[in-house]
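Everything below concerns the one structure shown next.
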Amino acid sequence: MKRTFLLICMLLASAAPAGAAEKNDGQPITIRSNELQADTKSRTATFIGKVVAKQGEITILADRLVVRYAEKGGDLEKVEASGNVRIVQKNRIGTARYGVYQTREGKITLSGSPKVVQGKDMITGREITYFVKDERSVVTGGPEDRVEAVIYPKGKERNDLQKP
């Protein structure tokens, strides 16, 4: 569960530096909620109501967090966060109505007005997908939710490029 939780937190990884996962590896995971429903037959644990999940410097907040385990070995198959999803890591914040981590595909998807902010930089779209193993992100838009990125130039070297 520790490995998967950490990967869920990498929803912000499009802005996260390489190696961020290792910083939290081995640290305990704390999940707080108003209620926990565990179902051995369906291999799920559902945390409901003001869910706050923390590991190291990463925090996930949601109305509901459902963790689904594989039939054999007990590995995590899928984690779904829904309702007011917010993921915080230092100055990076990701928000959406839904967040899903699919372990086999190594894919994290934010949907429902997803937005990732780092400092003043921001990106939105219809869906934000992060491929964990490839350290690659895809932001898709549509007629109503076009992709929008606001990026502020940083550093002296960028300012030097603007000089005549």
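The values are calculated or read from the model by the stated rules, or taken from the named source; none is laboratory data. Since the model is a prediction, treat every value here as computed from it, not as a measurement. Virtual Cβ from ideal backbone geometry, glycine too; neighbours counted across all protein chains shown.
Regarding Lys54, is this residue touching a residue at least 12 places away in the same chain (Cβ under 8 Å), touching a Ser or Thr at 6+ places or on another chain (Cβ under 6 Å) and part of a strand (DSSP E or B)? Spelling it out, Lys54 is indeed touching a residue at least 12 places away in the same chain (Cβ under 8 Å), touching a Ser or Thr at 6+ places or on another chain (Cβ under 6 Å) and part of a strand (DSSP E or B). If you go through segment 97-155 and keep only what is within 24 Å of Leu61 (Cβ to Cβ) and basic (Lys, Arg), you end up with Arg97, Lys107, Lys115, Lys120, Arg126. Among the residues of segment 29-50, none qualifies, meaning not one is among the acidic types (Asp, Glu), modelled with pLDDT of 70 or more and either under 14 Å from Ile108 (Cα atoms) or touching a Cys at 6+ places or on another chain (Cβ under 8 Å) (or both).
Would you confirm whether or not segment 141-151 contains a residue that is over 29 Å from Pro28 (Cβ atoms), surrounded by 14 or more Cβ atoms within 10 Å (Cβ to Cβ) and in contact with a strand residue (DSSP E or B) (Cβ under 9 Å, 6 or more places away or on another chain)? Looking through segment 141-151, at least one residue is over 29 Å from Pro28 (Cβ atoms), surrounded by 14 or more Cβ atoms within 10 Å (Cβ to Cβ) and in contact with a strand residue (DSSP E or B) (Cβ under 9 Å, 6 or more places away or on another chain). For segment 64-109, a residue qualifies if it is surrounded by 18 or more Cβ atoms within 10 Å (Cβ to Cβ), farther than 22 Å from Ala38 by Cβ and touching a Phe, Trp or Tyr at 6+ places or on another chain (Cβ under 7 Å), and exactly one does: Ile108.
Which of the residues that make up segment 99-136 are under 13 Å from the mean Cα position of the chain (by Cα), within 20 Å of Tyr69 (Cα to Cα) and without any contact (Cβ under 8 Å) to a residue 40 or more places away in the chain? Selection gives Val100, Gln102, Lys107, Thr109.
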